[in-house]
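The values are calculated or read from the model by the stated rules, or taken from the named source; none is laboratory data. Computed from a predicted structure; not experimentally measured. Neighbour counts run over all protein chains shown; Cβ positions are idealised from the backbone, glycine included.
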Amino acid sequence: LLNLTGKKILVTGIANNRSIAWGIAQQLSKAGAELGITYLPDDKGRFESKVRELTEPLNPSLFLPLDVQNPAQIEEIFKNIKDNWGQIDGLVHCLAFAGRDELIGDYSATTSEGFDRALNISAYSLAPLCKAAKPLFSDGAGVVSLTYLGSERAIPNYNVMGVAKAALEASVRYLSAELGPERQVRVNAISAGPIRTLASSAIGGILDMIHNVEEKAPLRRTVTQTEVGNTAAFLLSDLSSGISGQTIYVDAGYCING
Ligand code: 0WD
């Protein structure tokens, strides 16, 4: 029933084999999607070679650098999409950043610089990506972004990232209202339960967060990258054609009683 054959989907945010974006890319590929993959460029090219090697088995038809704070790279990616794909059927925004110092201790200690950087990379970035994709979106295309419960609850140490996720979820609603009318483009967020990744290891007490979920969530466990990937595949498929502007919880039910 779930079929993404012929759909061209850009996946951002793969850093390594623990990344949620990697779980998403694998499930999209299994469902038949053709993928474009971006990696965060660094001076030594470490990410590039690691992500290239990891994603090679999925045969991505585009493989390009993307630092979302670099408008020229965003432009280059969508120029490539226009020239090679002609259109885009799906966009996965699966990235975030906050300094380690901002992810421990008091929220009131957040620096102005740290706030700007976290909000810019983690929330604002969805807007310029959607703007660049706008002329290329096919009818019924989908956008999926990744968020966390810290957007609505004060989760210890999540701090500025919680504020960024609140802004991201609001952005999802505004973009959904903007992109829906003309071509039925749908924009949704997945609120994932805590998973051990490179990004989450920067959050003070991430292991306690995971144990807390294992104790309290209705399913008494955390979720996997594959489960998040399956939901992303659903949200980018025609099966979810009536869903837009939503935050869908893939958290083993934790948000109802955790
Ligand atoms: O428990 C978790 N891991 C959860 C993560 C629970 C709920 C939500 N999320 C969210 C994160 O906030 C993020 O939005 O899922 C998304 C993916 O996070 P992840 O899979 O946990 O983390 P990771 O594998 O580290 O991928 C995030 C990547 C970066 O990796 P590092 O660790 O190097 O920051 O985001 C990318 C980068 O590859 N990234 C950027 N990409 C483009 N431009 C930028 C940037 N400026 N900054 C970071």
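Within the range 5-17, can you find the residues that are over 16 Å from E56 (Cα atoms) and surrounded by fewer than 22 Cβ atoms within 10 Å (Cβ to Cβ)?
Selection gives T5, G6.
Could you grab me the full set of residues in the range 76-128 that are of a type in the set (V, I, T), more than 20 Å from S176 (Cβ to Cβ) and either within 13 Å of the ligand (Cβ to nearest atom) or touching a Ser or Thr at 6+ places or on another chain (Cβ under 9 Å) (or both)? Reasoning before the result, please.
Applying the first criterion (of a type in the set (V, I, T)) to the range 76-128 yields 77, 81, 88, 92, 104, 110-111, 121.
Cutting the leftovers down to more than 20 Å from S176 (Cβ to Cβ) gives us 77, 81, 104, 110-111, 121.
Once the filter is applied, which keeps residues that are of a type in the set (V, I, T), more than 20 Å from S176 (Cβ to Cβ) and either within 13 Å of the ligand (Cβ to nearest atom) or touching a Ser or Thr at 6+ places or on another chain (Cβ under 9 Å) (or both), the range 76-128 yields I77, I121.
For the range 64-81, does any single residue satisfy the condition of being touching a helix residue (DSSP H, G or I) at 6+ places or on another chain (Cβ under 6 Å) and closer than 17 Å to Q225 by Cα?
Scanning the range 64-81 turns up no residue that is touching a helix residue (DSSP H, G or I) at 6+ places or on another chain (Cβ under 6 Å) and closer than 17 Å to Q225 by Cα.
Which one is surrounded by the fewest Cβ atoms within 10 Å (Cβ to Cβ), of the residues in the range 32-47 that are within 11 Å of L66 (Cα to Cα) and modelled with pLDDT of 95 or more?
In this case the residue turns out to be P41.
Among the numbered conditions (1) within 13 Å of the ligand (Cβ to nearest atom); (2) loosely packed, with under 15 Cβ neighbours inside 10 Å; (3) within 22 Å of L129 (Cβ to Cβ), tell me where L207 comes up short.
(3)
Can you pull out the residues in the range 214-258 that are among the polar types (S, T, N, Q), under 18 Å from R18 (Cβ atoms) and in a loop (DSSP other than H, G, I, E, B)?
Within the range 214-258, T222, T224 meet the criteria.
Just to be sure before I move on: is T231 among the hydroxyl-bearing types (S, T, Y), touching a residue at least 24 places away in the same chain (Cβ under 8 Å) and within 10 Å of the ligand (Cβ to nearest atom) in the structure I sent?
No.
Do we have S171 as of a type outside the set (V, I, T), outside any helix (DSSP H, G or I) and crowded, with 20+ Cβ neighbours inside 10 Å here?
no
Is the range 28-47 home to any residue that is of a type in the set (V, I, T), within 13 Å of the ligand (Cβ to nearest atom) and out of contact with any Ser or Thr (no Cβ under 7 Å at 6 or more places or on another chain)?
There is no residue in the range 28-47 that is of a type in the set (V, I, T), within 13 Å of the ligand (Cβ to nearest atom) and out of contact with any Ser or Thr (no Cβ under 7 Å at 6 or more places or on another chain).
Would you confirm, using the coordinates I've provided, whether V172 is touching a residue at least 60 places away in the same chain (Cβ under 8 Å) and either of a type in the set (V, I, T) or within 12 Å of the ligand (Cβ to nearest atom) (or both)?
yes
Only one of these conditions is not met by E53: (1) surrounded by fewer than 14 Cβ atoms within 10 Å (Cβ to Cβ); (2) touching a helix residue (DSSP H, G or I) at 6+ places or on another chain (Cβ under 7 Å). Which number is it?
Only one criterion is unmet by E53, namely (2).
Restricting to the range 174-203, count the residues that are farther than 22 Å from L239 by Cβ and surrounded by 16 or more Cβ atoms within 10 Å (Cβ to Cβ).
8
Quick check: anything in the range 127-150 hydroxyl-bearing (S, T, Y), crowded, with 20+ Cβ neighbours inside 10 Å, in contact with a Lys or Arg (Cβ under 6 Å, 6 or more places away or on another chain) and without any contact (Cβ under 8 Å) to a residue 60 or more places away in the chain?
Yes, the range 127-150 has at least one match.
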